[in-house]
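S.K.: First the structure, which I've put down as structure tokens, then a few questions once you've had a look.
The values are calculated or read from the model by the stated rules, or taken from the named source; none is laboratory data. Bear in mind that the values here come from a model prediction, so they are computed numbers and not experimental data. Cβ atoms come from the backbone with ideal geometry, glycine included; neighbour counts cover every protein chain shown. Accessible surface is based on the protein model in full, side chains and every heavy atom, while ligands, DNA and RNA are left aside. Shrake-Rupley method; radii C 1.70, N 1.55, O 1.52, S 1.80 Å.
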Amino acid sequence: MLKLAEKYGDKPAGELPMLFQRILQNTIRDHYRRQKVRSMWTTLMSSLIPQHDESDYDPLDTLQDKDNNSQAARPDDALEQSQLLALIEDELGKLPPRQREAFLLRYWEDMDTAETAAAMGCSEGSVKTHCSRATHTLAAALKEKGVNLL
């Protein structure tokens, strides 16, 4: 309703039901597309979470720092996690800068489209395009290297 009022308040009353229907359909479609993409990356990142319960666990915390102070609980888990993160980091480095920036802000920093667009200085549509292209490129590259995303 807010989108209809903001963007189409000047339209004749007869056109409003059709406009509202289209806005509603597009919003629902966008929600499910976004959910599908986030689900794919959440599934991939969830393989990095150890089996013991830690509600505020961050997989990036398991990487070893320069002094070798931080490490995952089990050696085989640590190896698997570091290999997967190295693959992801390598493939992220191959992305064009704008795609990489959009992907990291949206999915790793958990910003919404508007926040990402403001941070990048572009439109929300550009953010969506960059994220979509980055996601498809990363998924194809990781699949090629034997990483199953689902």
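S.K.: Within the set of pairs 6 or more residues apart or between chains, which connect a residue that is touching a residue at least 40 places away in the same chain (Cβ under 8 Å) inside segment 79-101 to a residue that is open to solvent by 50 Å² or more (accessible area, probe 1.4 Å) and not in a helix (DSSP H, G or I) with Cβ atoms less than 8 Å apart?
M.R.: 84/47; 87/145
S.K.: A follow-up question, please. Being at pLDDT 80 or above and closer than 15 Å to residue 136 by Cα: is that true of residue 95 here? Explain how you work it out, then say what you get.
M.R.: On the way: at pLDDT 80 or above: yes; closer than 15 Å to residue 136 by Cα: yes.
The answer is yes for residue 95.
S.K.: Also, I was wondering about something else. What tally of residues in segment 1-40 results from selecting those that are surrounded by 11 or more Cβ atoms within 10 Å (Cβ to Cβ) and not in a helix (DSSP H, G or I)?
M.R.: Of the residues in that region, 1 qualify.
S.K.: Show me the helices (runs of 4 or more DSSP H) entirely contained within segment 73-150 in which 3 or more residues are open to solvent by 90 Å² or more (accessible area, probe 1.4 Å) and of a type outside the set (A, V, I, L, M, F, W, C).
M.R.: Details: elements: 75-94, 97-103, 113-120, 124-144.
Here the list reads 75-94, 124-144.
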